[in-house]
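We did not get these values from a lab; they are worked out from the coordinates using the rules stated. Predicted, not measured: the structure shown is a model, and the values here were computed from it. Cβ coordinates were reconstructed from backbone atoms using ideal geometry, including for glycine residues, and neighbour counts include every protein chain displayed.
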Amino acid sequence: MTDRPDSLLRVLHTVRTLGYADVPRIAARPAVEACYRDFLPLNDVVARACSDWQLAELGIGGKQTSLEDTVAELRRAADAWEPLEHRLAGDVERFAGYLGRFTGALAHAVHDPRWITGTDRDSAHRVWFELHEDLIATLGLSR
């Protein structure tokens, strides 16, 4: 199991230390903004899939979903994110790697569903959340 309890803090520390919140003055800002715009619909898909999974696991809510359906939905989001990450990492190198962590979590999730939304591991939800926070911090946005 990959354990990254402080990974989000590392991202935020890096962003603040290296001044990425000041991205308006760097040439990569338009590329980061474009990737962020393309990321948002994928974020909706991942958030919905994770929420549906959590509710199904708890036996609440009207929608039931299977492990296979949830992993398939998250894989589709990963497939759509892949070209965006390659494009983004070409401008801001530290964005390389989120896809590998996300798909790694999905590979584990097939056998252990805690890898979908677990908070004690580098779960798909955790990796996606960190990616979202990194994009927001890089652009100096707030939620």
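Segment His111..Glu82, full-extension length gain: 8.1 nm, with 0.36 nm per residue of separation and the alpha-carbon distance subtracted. Stretched out straight at 0.36 nm per residue, the stretch from Asp69 to Thr119 would grow longer than its current Cα-Cα span by 15.9 nm. What the Cα convex hull of the range 101-143 gives, in volume per residue, is 59 Å³. A Förster radius of 41 Å, combined with the Cβ-Cβ distance separating Ser51 from Ala28, puts the computed FRET efficiency at roughly 0.80.
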